[in-house]
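The values are calculated or read from the model by the stated rules, or taken from the named source; none is laboratory data. Keep in mind that this is a model prediction, so the values were computed, not measured. Using ideal geometry, Cβ is built from the backbone for each residue, glycine included, and neighbour counts are taken over all protein chains shown.
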Amino acid sequence: MEPFPLFKIAERLAQLRVRPPLVHCLTNEVVQEITANVVLAIGASPAMVVAEQEVSEFSPIADALLINVGTLYPERARAMRTAVVAANQSGVPWVLDPVAVGALGYRRQFVQELLSLSPAAVRGNASEILALTGYDTLGRGADSTDSSEAALEAARQLAKKNQTIVAVTGKTDYVTDGTKTWSLAYGDVLMTRVVGTGCALSAVVAAFCAQKEHMLDAVASACAIVALSGGVAAKSAAGPGSFVPYFIDALYKINPDNLKEYEDAGYRNTECENEHA
Amino acid sequence: MEPFPLFKIAERLAQLRVRPPLVHCLTNEVVQEITANVVLAIGASPAMVVAEQEVSEFSPIADALLINVGTLYPERARAMRTAVVAANQSGVPWVLDPVAVGALGYRRQFVQELLSLSPAAVRGNASEILALTGYDTLGRGADSTDSSEAALEAARQLAKKNQTIVAVTGKTDYVTDGTKTWSLAYGDVLMTRVVGTGCALSAVVAAFCAQKEHMLDAVASACAIVALSGGVAAKSAAGPGSFVPYFIDALYKINPDNLKEYEDAGYRNTECENEHA
Amino acid sequence: MEPFPLFKIAERLAQLRVRPPLVHCLTNEVVQEITANVVLAIGASPAMVVAEQEVSEFSPIADALLINVGTLYPERARAMRTAVVAANQSGVPWVLDPVAVGALGYRRQFVQELLSLSPAAVRGNASEILALTGYDTLGRGADSTDSSEAALEAARQLAKKNQTIVAVTGKTDYVTDGTKTWSLAYGDVLMTRVVGTGCALSAVVAAFCAQKEHMLDAVASACAIVALSGGVAAKSAAGPGSFVPYFIDALYKINPDNLKEYEDAGYRNTECENEHA
């Protein structure tokens with residue numbers, strides 16, 4: 001298990017900026033705005049097309065598709081299934097974010113069905129990845145109550161079994177294809193006090209997955225630029241409210257040449273976990 | 001009618017931070033993100049689980065449930081009813097926010113049905129509380145056109161009749177169980193120029209209602225910390241745009257030991273009502 | 001084709017502040033919060049009432065109605081149709097935002113149906129206006145890939161054919177009734193990196209359309225105050241994240257007496273298009 005090197009992030013980010021992908025997002029009700037703004041900030045284009053009547057026409061035009069089950073209900077589940085099938089037929093890579101999959105039977109069943117439809121990547125927190133693999137988890141809602149380390153083995157199994165890339169994010173992020181695993185120790189705990197940072201990350205993962213070769217590095221790069229930008233933003237933020245504009249600005253300004261500055265600026269942020277101190 | 005004392009806010013807030021509640025939110029489409037961010041900022045966990053298929057599994061795991069009818073439609077109404085019944089069966093307290101109930105027959109009927117299902121608390125503006133009690137009101141949309149004083153008697157009647165706590169919020173907030181009434185004169189008029197401050201308050205009310213004993217004080221404390229944080233934020237804000245990050249940061253930083261500072265910092269803000277001056 | 005003069009903006013803005021309109025918004029899922037906050041910031045009142053059961057009761061009470069098809073699906077389409085019919089019966093002006101109409105057959109058909117129901121104004125980007133008029137366009141998603149100049153002739157034809165006002169917005173905005181055309185060269189490219197600036201503009205267009213006489217000037221004034229505020233905000237912003245609070249604050253502070261200051265402050269902003277430089 002190796003730290004993911006900056007030069008690889010630079011390569012993927014440069015590629016994203018040269019060919020900005022159009023990302024079809026079928027995501028949850030709560031995070032649509034921040035998801036769109038994060039995708040725009042990194043230089044890609046989001047499109048939230050949600051009707052069953054439209055998704056099969058739209059997914060094939062897009063460069064990648066995101067499926068996030070945070071506020072799943074039957075009509076949206078049908079649209080997601082249709083979009084995934086259309087994406088697969090056109091060779092458009094798609095990403096699964098299995099929000100809060102542990103606690104709820106309805107979405108667990110749907111997510112298992114989606115897993116069989118060959119996602120290019122799965123991005124979740126530790127509780128979600130553990131639940132997907134059948135391990136016990138303490139998770140009740142959308143927040144993780146397990147550490148990413150505890151889910152690493154589950155992530156590897158999930159990746160191997162489904163021939164996909166799994167990103168399990170937390171204090172340290174792990175990105176694995178089941179054989180090779182990258183670790184990334186960026187970010188800040190303040191990100192867990194802002195809704196949608198994880199969901200928006202999944203949209204960024206989709207944006208990078210448009211680079212079909214280099215899939216493992218692409219997913220790791222997505223995790224890296226979001227966490228690096230979060231680390232930088234947390235240094236300036238007075239709390240989760242001011243964090244958001246700093247975070248979006250940091251995503252907008254990150255580029256292949258300033259990654260080392262981002263890494264240095266965010267240093268040690270992961271350790272100050274005394275919220276409300 | 002007494003001013004609600006700071007030491008009582010400190011007690012409830014300390015309790016919330018010791019046992020951070022999971023708040024199941026069935027709220028309107030417009031305010032989901034700010035609602036989640038406000039709940040996260042105060043140290044609680046929001047979860048927007050919305051499908052009829054999932055709510056009866058989820059409400060019993062949550063510590064409190066919020067029902068907000070701002071963008072009501074039939075599927076969501078069914079999910080709300082199901083969630084309330086499940087919450088009641090498991091002894092999970094739930095809070096009703098009857099957004100814009102005055103103008104519209106469809107939601108008026110639904111809200112009357114919900115009222116008969118024993119909410120722990122009802123939080124609304126003056127126009128909404130007046131409409132719920134059958135009084136005339138001038139309200140057309142979601143904004144109040146009546147003062148909270150004018151709705152105080154209606155609030156008391158509503159509380160008594162339904163054995164619930166009613167919070168009618170405005171320039172002064174009143175929180176009553178029909179017998180005892182607390183008044184709170186915090187906040188700032190700028191909050192009325194930001195969508196979702198009232199709706200997010202109702203989610204905070206739900207978070208505090210997880211403290212099942214002390215229900216009257218819990219609801220008043222929710223109103224207090226939101227209004228105090230709004231007062232502090234308004235002092236720094238240049239307008240409703242910069243208000244939002246300051247507000248979320250203030251909610252994140254408020255604690256049992258700095259309430260007096262918040263009260264002092266927000267002083268007089270309620271008087272500067274000359275918007276666009 | 002003449003530049004739209006500041007004194008005309010001042011007249012319409014003064015009128016809006018004297019009689020703040022209630023704007024019924026049926027808009028897309030992604031932008032509801034920023035739309036509401038923009039409408040509140042300019043001094044009007046937004047109301048997102050979305051159910052087929054409620055819209056025909058609500059539209060007639062409102063001063064204007066916005067229809068935005070960004071995340072169209074059958075239930076919402078039915079509600080939109082019902083709202084438009086009720087608005088027309090009550091003489092309430094309504095505005096159409098044909099988001100991403102080029103790429104998708106389902107919404108193209110629905111938008112064509114809506115066009116036959118006499119919108120007071122249509123606000124779109126160049127790709128959308130071209131697609132509506134049957135011209136070829138390069139647009140795939142919600143972002144324009146054509147310049148507003150290229151859509152000017154299409155805008156004039158659309159306006160004449162449908163006896164409506166068409167605003168085609170971009171680096172330069174054009175507002176036309178088919179005969180007379182105003183041009184507006186305000187704004188900043190940073191606005192294209194924030195989701196909802198165009199959609200929120202359409203809600204502001206609806207707010208100004210409540211001034212039923214002077215419809216051409218009202219629509220142009222809406223475009224002007226949003227673009228002027230965007231230009232001012234971009235001067236202070238470090239990126240699209242910090243842009244949002246500055247933008248909302250600028251909309252809140254703009255008034256008939258400081259338009260020249262806004263124009264001067266935003267000067268040259270449209271030229272710095274080197275994003276991610």
Return the residue satisfying two criteria in turn: it lies in region B:233-245 and is closer than 11 Å to B:Asp188 by Cβ and in contact with a Lys or Arg (Cβ under 9 Å, 6 or more places away or on another chain), and of such residues it is farthest from the other protein chains (Cβ to nearest Cβ). B:Phe243
Going through region C:246-257 one residue at a time, which ones are under 16 Å from C:Ala44 (Cβ atoms) and not in a helix (DSSP H, G or I)? C:Ile254, C:Asn255, C:Pro256
So, C:Gln15, is that one surrounded by fewer than 23 Cβ atoms within 10 Å (Cβ to Cβ) and at the interface with another protein chain (Cβ under 7 Å from one of its Cβ atoms) or not? no
Which one of these is in contact (Cβ under 8 Å) with a residue 24 or more places away in the chain and on the phi > 0 side of the Ramachandran plot: B:Ser90, B:Ser118, B:Ser127? B:Ser118
Limited to region A:31-80, what total is found for residues that are of a type in the set (S, T, N, Q), closer than 20 Å to A:Val244 by Cβ and more than 10 Å from chain C (Cβ to nearest Cβ)? 1
Which residue pairs have Cβ atoms closer than 9 Å, lie 6 or more positions apart in sequence or on different chains, and pair a first residue in region A:149-165 that is more than 13 Å from A:Ser118 (Cβ to Cβ) with a second residue that is among the charged types (D, E, K, R)? A:Glu149/A:Lys171; A:Ala151/A:Glu128; A:Arg156/A:Asp177; A:Lys160/A:Asp177
Taking B:Glu113 as the residue in question, decide whether it is farther than 28 Å from C:Asn37 by Cβ, charged (D, E, K, R) and away from chain A (no Cβ under 14 Å). yes
Could you tell me whether C:Val49 is touching a Phe, Trp or Tyr at 6+ places or on another chain (Cβ under 6 Å) and either farther than 29 Å from C:Gly230 by Cα or not hydroxyl-bearing (Ser, Thr, Tyr) (or both)? yes
The lone exception for B:Val189 - which of (1) over 16 Å from the mean Cα position of the chain (by Cα); (2) within 24 Å of B:Thr35 (Cα to Cα); (3) more than 14 Å from chain C (Cβ to nearest Cβ) it fails: (3)
Please enumerate the residues belonging to region A:69-92 that are closer than 11 Å to A:Ser59 by Cβ and within 19 Å of the chain's Cα centre (by Cα). A:Met80, A:Ala83, A:Val84, A:Ala87, A:Val92
Being surrounded by fewer than 24 Cβ atoms within 10 Å (Cβ to Cβ) and either aromatic (Phe, Trp, Tyr) or assigned to a loop (DSSP other than H, G, I, E, B) (or both) is the filter here; which residues of region A:220-245 pass it? A:Ala237, A:Ala238, A:Gly239
Scan region A:24-56 for residues that are within 16 Å of C:Thr192 (Cβ to Cβ) and of a type outside the set (D, E, K, R) and report the count. 12
Can you tell me which of B:Gly241, B:Gly196 is at pLDDT 95 or above, in contact with a Ser or Thr (Cβ under 7 Å, 6 or more places away or on another chain) and not aliphatic (A, V, I, L, M)? B:Gly196
Unmet requirement for A:Asn28, which otherwise passes all of (1) more than 9 Å from chain C (Cβ to nearest Cβ); (2) without any contact (Cβ under 8 Å) to a residue 60 or more places away in the chain: (2)
Can you list the strands (runs of 3 or more DSSP E) lying wholly within region C:153-206 that have 2 or more residues being hydroxyl-bearing (Ser, Thr, Tyr) and surrounded by fewer than 24 Cβ atoms within 10 Å (Cβ to Cβ)? C:181-184
Checking C:Asn125 against (1) within 14 Å of chain A (Cβ to nearest Cβ); (2) in contact with a Gly (Cβ under 9 Å, 6 or more places away or on another chain); (3) over 20 Å from C:Met215 (Cα atoms), only one condition comes out false. Which one? (3)
